[in-house]
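A short write-up of the structure that comes next.
The values are calculated or read from the model by the stated rules, or taken from the named source; none is laboratory data. Model, not experiment: these values are computed from the prediction. All Cβ positions, glycine included, derive from the backbone under ideal geometry; neighbour counts span all protein chains shown.
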Amino acid sequence: MPDRERRWNGWGFADESAPVPESARTWLSKRLGAGDRLSAVPERDVRIPPARPVPDLPATTLSDPSSRLRHACGLGFPDVVRLRTGALEAFPDAVCFPENTRQVVAVLQSAAAAEVALVLRGGGTSVVGGITVRPGPRPTVVLTLDRLRGLASLDSVSLLATFRAGTLGPEVEGALAPCGLRLGHEPQSFEFSSVGGWVATRSAGQRSTGIGKIDDLVAGLEVATPGGVWRLPAQPASAAGPELRRLVIGSEGCLGVITEVTLRVRPLPECRDGVAVLVPGWSAGMEVCRALLQRGPVPEVVRLSDPDETSFGIALTELPRLASSVRNAIFGLRRFRHGCLLLLEWAGSLQKVTLARQTAAKVWRDSGGLALGRTGWQRWLDERFRHPYVRDALLSAGWGVDTLETATRWSALAALHNAVREAMTVAAQKAGFRTAVLCHLSHAYRDGASLYFTFLWPLRCGDEIGQWQAVKDAASEAIISNGGTITHHHGVGTMHAPYLEREVGEQGIAALAAVTRALDPQGFLNPGVLLLQTPEPGPRTPGGREE
Ligand SMILES: Cc1cc2nc3c(=O)[nH]c(=O)nc-3n(C[C@H](O)[C@H](O)[C@H](O)COP(=O)(O)OP(=O)(O)OC[C@H]3O[C@@H](n4cnc5c(N)ncnc54)[C@H](O)[C@@H]3O)c2cc1C
């Protein structure tokens, strides 16, 4: 079967879309007013300048306009606006498709010698500017991992599976399922993001509460560097110096190209069960989540929407008349005036799941929660990978939408939630428009949790990115000033690089710069990503490079 075509100027498959339901349009019109519709220019109207010459690279290399356009950026809000308006700031001069680790090393060495900037690209779903080609004096080549795909080896005794870095989410699970195994790492971008991208960005899947972040799933790594191949084999545990695998996890392409990853996998669960619960408010909901994480049994999925996200979620869900009346009656109860929707899911043996559900039920009942049954959870499960299509539909309907995320300890979570919402709302007001800020708590831990914000606003034609920037800057500032991490799972990219030093300190930046300089002395890998300034060139590395 031929590969389904991907949309070049937005999310997902070209032949798939999701409309904005009428009830959601009404909700948005009331809260925000109408905005200017952002239509999408046809591909033929995008002006692509001629490619600058690049040296011969030892792998298939394309420089036709269509390939250059499709590899020019990721899927952050500014990327999508620029794609839709055809106003990209820069295009790669070529796109290179190595097919194995040997070719990747050879490409790195040729590119370094020719002083070409390389942008490393996995599935292309970065939302933080991690793969957006930027204007610069050096020709830029995108090195894509698209042809390094598939399961390289499986050690089913040790429950370790080694995948090539370009393998996409469905291919990972598709290779494991016939062996009765799964990885369980399911970011919302699952269908299009890659193993190497997950590791490079320290991604979190929607089941991370039970499964762990990708950080916890990586057992071993192979990294191609300009100086040769760096192997960090799988070990169950080790005391051989600092944990260097952890240095590569989250390195966002600045230390080399991750070519293979050995991942900890687990048996497919015998049983899965979930529930939607209505809790009386955000504080009560957070207490339920904390109790579940600290006392156990820990669910695989925990997702608590704040009152505004709960309200918008209802507007997005069109129900038959009877079901809708029942829902309205429940939400109309005084106790649930600021009601919050909590989704929980458990996986494992029937006995384990039954016990976990019973234990959790006691916790939510003690907090005044009401179980709404399995339907809400099942709907989320069925539709969760379709939600990103709604973003494109919202832009066409006149509303901007973006998301951002952070994490902090339980004791600081409520204050961070307030501070970020307030900062975003005020920033939009100052800039002369209204915004709706929605939030959910997910990716929960014993000591804290992630907050995932969605913000929506009426678009002003020609100023879409300016509007977004005003709110995004205010949110980033509020996160850092209130002790949150600048990113829980999207990564640093270029967008969060200005805030990194305030989180990791001057010493942290110096250490990162030194490691980058050691592995990429010429600073040609992903310049501007992770570190604001590419470290000064140092002495050249041994192994294939001049001294
Ligand atoms: C709609 C949507 C939903 C999302 N949902 C989630 C979510 O639930 N959880 C989450 O964590 N993230 C999410 N993201 C963000 C994104 O999907 C993740 O950051 C993902 O891990 C990126 O993987 P990728 O393969 O697409 O990498 P890319 O976007 O291609 O690259 C991301 C970064 O990693 C580097 N990189 C990629 N591959 C390699 C490699 N092999 N070696 C070295 N460096 C490499 C790139 O240079 C870049 O800096 C979402 C994004 C979108 C658009």
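Would you point out the residue of region 202-219, among those that are over 20 Å from LEU247 (Cα atoms) and hydroxyl-bearing (Ser, Thr, Tyr), that is farthest from the chain's Cα centre (by Cα)?
Going through the qualifying residues, I end up with THR209.
Do we find a residue being touching a residue at least 40 places away in the same chain (Cβ under 8 Å), over 24 Å from VAL104 (Cβ atoms) and outside the structural domain of THR101 (by TED's automatic domain parsing) anywhere in region 160-170?
Scanning region 160-170 turns up no residue that is touching a residue at least 40 places away in the same chain (Cβ under 8 Å), over 24 Å from VAL104 (Cβ atoms) and outside the structural domain of THR101 (by TED's automatic domain parsing).
Out of all the residues in region 100-119, is one or more in a strand (DSSP E or B), more than 30 Å from ARG434 (Cα to Cα) and out of contact with any Ser or Thr (no Cβ under 7 Å at 6 or more places or on another chain)?
yes
Which of the residues belonging to region 501-515 are out of contact with any helix residue (DSSP H, G or I) (no Cβ under 7 Å at 6 or more places or on another chain), within 21 Å of ALA407 (Cα to Cα) and aliphatic (A, V, I, L, M)?
VAL504
Matching residues to (1) surrounded by fewer than 18 Cβ atoms within 10 Å (Cβ to Cβ); (2) touching a Pro at 6+ places or on another chain (Cβ under 7 Å):
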| residue | (1), (2) |
| --- | --- |
| SER63 | no, no |
| ARG68 | no, yes |
| HIS71 | no, yes |
| VAL80 | no, no |
| THR85 | no, no |
| GLU89 | yes, yes |
| VAL95 | no, no |
| VAL107 | no, yes |
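Filter region 253-309 down to residues that are assigned to a loop (DSSP other than H, G, I, E, B) and within 16 Å of the ligand (Cβ to nearest atom), then give me how many there are.
Number satisfying all stated conditions: 5.
Going by what's in this entry, would SER324 be described as away from the ligand (no atom under 16 Å from the Cβ), more than 26 Å from GLY220 (Cα to Cα), modelled with pLDDT under 95 and not in a strand (DSSP E or B)?
Criteria met by SER324.
Mind telling me which of the residues ARG386, ARG379, ARG409 ends up being within 16 Å of the ligand (Cβ to nearest atom) and among the basic types (Lys, Arg)?
ARG386
What tally of residues in region 102-131 results from selecting those that are over 21 Å from the mean Cα position of the chain (by Cα) and either polar (S, T, N, Q) or in the same structural domain as PRO527 (by TED's automatic domain parsing) (or both)?
Going through region 102-131 one residue at a time, the tally reaches 3.
Any residue at all in region 78-93 that's modelled with pLDDT of 95 or more, outside any helix (DSSP H, G or I) and on the phi > 0 side of the Ramachandran plot?
Yes: one or more hits.
Counting only residues that are in contact (Cβ under 8 Å) with a residue 60 or more places away in the chain and under 24 Å from the mean Cα position of the chain (by Cα), which one in region 132-146 is surrounded by the fewest Cβ atoms within 10 Å (Cβ to Cβ)?
Among those that are in contact (Cβ under 8 Å) with a residue 60 or more places away in the chain and under 24 Å from the mean Cα position of the chain (by Cα), it is ARG134.
PRO65 fails exactly one of the following numbered conditions: (1) closer than 21 Å to THR85 by Cβ; (2) within 26 Å of the chain's Cα centre (by Cα). What is the number of that condition?
With respect to (1) closer than 21 Å to THR85 by Cβ; (2) within 26 Å of the chain's Cα centre (by Cα), PRO65 is out only on (2).
Across region 130-150, which residue is farthest from the ligand (Cβ to nearest atom) among those that are closer than 18 Å to LEU255 by Cβ and in a loop (DSSP other than H, G, I, E, B)?
LEU148
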